[in-house]
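Please treat every number below as a calculation from the coordinates, not as lab data. Here the structure is a predicted model, which means the values were calculated and not measured. With ideal geometry, Cβ positions are generated from the backbone for all residues, glycine too; neighbour counts draw on all protein chains shown.
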Amino acid sequence: MRKSYRIKKEAEFQAVFDYHQSVANKAFVLYQMPKSHQKHFRVGISVGKKIAHTAVQRNQMKRYIRQALLEIKPQLPAEIDFLIIARKPATQLNMAETKKNLLHLLKLGKILSEST
């Protein structure tokens, strides 16, 4: 996923947090904020040290999340910023389970339609 699709700056992360629109499932938390006049969605991914203790684990989880989002990219609306924060159970997921959990989370947040 290109860097233009990512939220990197702390101020941008904080703006999405401060919007206070979130949903969660057992593996991930999703914060979202509508943002008009954007060419494409932007996503921020956070995996804390308390969740995955080694950098290798954290980076693997982030790769799984990015790959899952890349696979469903055409279905995601353009005018939205969202954050995905991993929870402890996410460390036990493989790629297919990660994608399944993310799809569930995006449907809970009404970013994807139920028929998808």
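Straight-line reach from Lys100: taking Cα to Cα under 19 Å and skipping same-chain neighbours fewer than 8 places apart, the lysines in range are Lys26, Lys62, Lys73, Lys88, Lys110. Listed options for Cα extents along the principal axes in Å are [x] 45, 31, 21; [y] 42, 31, 24; [z] 38, 34, 26. The value calculated from this structure is the one marked [z]. For the chain, what does the relative contact order come out to in percent, with C-alpha contacts under 8 Å and a separation of six or more? Result for the chain is 35 percent. Once you reduce segment 47-116 and segment 1-37 to the center of their Cα atoms, the two points are 12 Å from each other. Label positions at Asn94 and His37, each projected 7 Å from the Cα along the C-beta direction, are separated by 4.7 nm. Going through segment 1-88, which trypsin sites (Lys or Arg not before Pro) have at most 16 other Cβ atoms within 10 Å and a DSSP loop state? Answer by residue number: Arg2, Lys8, Lys9, Lys26, Lys39, Lys49, Lys50, Arg87. Counted by neighbouring Cβ atoms within 10 Å, the residues Asp18, Asp81 run from fewest to most as Asp18, Asp81. How far is helix 55-71 tilted, in degrees, relative to the longest principal axis of the Cα atoms in the chain, given as a value from 0 to 90 rounded to the nearest 10? That helix lies at roughly 40 degrees to the long axis. Near Val16: Cβ cut-off under 15 Å, other residues only, Lys/Arg at +1 and Asp/Glu at -1. The net charge is 0.
The Rg/Rh ratio of segment 34-93, with Rg taken over Cα atoms and Rh as the Kirkwood radius over Cα pairs, comes to 1.04.
Extension gain, Lys26-Lys3: 0.36 nm per intervening residue step, less the Cα-Cα distance, totals 5.5 nm.
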